[in-house]
Amino acid sequence: MQAGHRLPYRDMTTPLVKTRFAPSPTGLLHAGNLRTAIFSALLAKSQKGTFLLRIEDSDEARNQADALAAVIEDLCWLGVRWDEGPDCGQRPITWKQSARADIHNEYFDQVLDTGHAYPCFCSVDRLDKLRRQQQAAGKPPQYDGHCAGIDPAEARARMQAGEAASLRLRVPAAQTIKYVDIVRGEQVVSSDRLPGDFVIRRADGTAAFLFANALDDALMGVSHVLRGEDHIANTPRQLLILAALDLPAPAYGHLGLVVGVEGRPLSKRSGAASIADLRATGYRPEAVFNYLARLGYSGASEQIETLDDFAQTFDPAHLAKGPALFDYRQLDHWQELAMAQAPLADLLDAFDADAVDQPVDAVALEHLAELVRPNMRFPQEINDWAARLFGSHLLKGYTDAARQRLITVGPTFFSQALAVIEADRGAEWSVLKAALEAATGLRGGGLMKPLRLALTGLESGPGLGGIIALMPAAIVRQRLETAAATALEAN
Ligand code: GLU
Ligand code: ZN
């Protein structure tokens, strides 16, 4: 048996590429899940194909309320749009796996009729015991085919009489299963290494993941599946399912996992930040998208790109099979690039008038946003800057180190600076600076550092000329008088 893949690359005579993202609504998406969605969307877009969103909610016990809404919100926020799936007017599909039970049942009937599958009446106890025996003998767990030989008529009668049964797919003996993994190249597995005839329908009548996932891909016309390496062991069994159903198999590609600093795959349990956490922290969607699109993908540009731009050059041959480290320093690098080009309105949107105890002039706020943009990692930091430049007093006061510096400089420096600034208000920064130098006898850091500390309480920040020009005169006076008083107190 052989399944191959070939990208049609905009050749209109071959069928188009169709990819999908198929999350289970069991919690919030993290970077690892989302990266799979991004690569799948990019693969479809790069081939002018279709990207669909399917929600694999058939394991009811693990579903979480609101998880679906969160998935949709995260994808939309990142600019990953789907052509088929929820909230998608143009080409509706039954995208919720739990609503597809009737469809799945038709195919269960089919594999029963053709003898590719059989009912299994083994109790949980028997299967447990079998597993323990195999474990004790140092063997991998494998179903022993106990029910494989039950006469179909007898099996049907037992089921009709109400006996609980799962359905197992017959795994042919000593068969070589081959496929070309989009990321890893040719894969060869012998059917003898699989855990025996496996469950495709649970005893409660619901479809097992392996079956529903493979069948839905085939029925939805999915041509290429990109997913995490954690699914690689499923693929041979899914190829057997599709062969038994006589349905076409997609090309599968297994991405290296995204791991955290300790080297473990990202998961909610390992404390990985969810996309919702990153959003709440103030990361920009372009930053998260551009970082994730390069996480385990080589050869991309070093500029911020939209998903459509990125798709122009996307090539699955650049996907990595090794693990990819989620590194906040890299994410922060993209955040810096994203902040530099963020629309001013987005920075202003993050402003909360309650952050400052004085009314803030709208034009001054715009100027402030432009002035401190290079100093901000997250848009909401505008609030701290606004409070520092426009608030009636420095909210957090001076640090011990700052206080020490003010004391060292002494109170006279601040009265001199205040006199100059008030006299020369409105003058060019170069003129004001020269006047400050002349009045205080200080220059360079000796002049700027204490002045900056007095005005903003900080060691660093945007140019002082810009700060002084933007600060209301009364606030400049308050800051410098407070600094002088602080320096004096200690003497
Ligand atoms: N629902 C599965 C998951 O979230 C989908 C796996 C796949 O992409 O095939 O892991
Ligand atoms: Zn059995």
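Read the figures in this text as sums done on the coordinates, not as results from a lab. This is a predicted model, so every value here is computed, not measured. Every residue, glycine as well, gets a Cβ built from its backbone with ideal geometry; the counts of neighbours run over all protein chains shown.
Miscellaneous remarks
- Using the Cβ-Cβ distance between A340 and R193 with R0 set to 51 Å, the FRET efficiency from 1/(1 + (r/R0)^6) comes to roughly 0.45.
- Checking every one of the GluC sites (Glu not before Pro) in the range 439-491 against DSSP loop status and a limit of 13 other Cβ atoms within 10 Å picks out E459.
- Nonlocal amide H pairs with F198, under 5 Å, H built at 1.01 Å: L169, V171
- The trypsin sites (Lys or Arg not before Pro) of the range 423-491 meeting both criteria, a DSSP state outside H, G, I, E and B (loop) and at most 15 other C-beta atoms within 10 angstrom of the site's C-beta, are R425, R443.
- Estimated [θ] at 222 nm from DSSP helical runs (n ≥ 4, -39500 (n - 2.57)) normalised by residues in the chain, nearest 500: -13500 deg cm²/dmol
- Note on T114 and V180: the extension gain reaches 21.0 nm, defined as 0.36 nm multiplied by sequence separation minus the Cα-Cα distance.
- Viscosity 1.306 mPa s, temperature 10 °C, Stokes-Einstein D of the chain from Kirkwood C-alpha radius, µm²/s: 58 µm²/s
- Simple spin-label estimate for E422 and F378 in nanometres, 7 Å along Cα-Cβ: 4.0 nm
- Listed from fewest to most Cβ neighbours within 10 Å, the set C147, C120 follows the order C147, C120.
- The magnitude of the dipole of the chain, with charges of +1 and -1 set on the Cβ of Lys/Arg and Asp/Glu and taken from the Cα centre, is near 1220 debye.
- Pair E302, I407: separation of 7 Å Cα→Cβ label points (nm): 4.6 nm
- Between H318 and H367, residue separation times 0.36 nm minus the direct Cα-Cα distance comes to 13.4 nm.
- Listing H231, H393, H104, H30 from fewest to most neighbouring C-beta atoms within 10 Å gives H393, H231, H104, H30.
- Mean separation of Cα contacts under 8 Å (6+ apart) over length of the range 177-335, as relative contact order %: 24 percent
- Nearest-0.05 FRET efficiency for T26 and A157, computed from C-beta distance (R0 41 Å): 0.60
- Relative contact order computed over the chain (Cα-Cα under 8 Å; 6+ residues apart), in percent: 13 percent
- Relative contact order (%) - criterion: Cα under 8 Å, at least six apart; region: the range 391-491: 49 percent
- Exposure proxy order (Cβ contacts within 10 Å, fewest to most) of Y291, Y328, Y297: Y328, Y297, Y291
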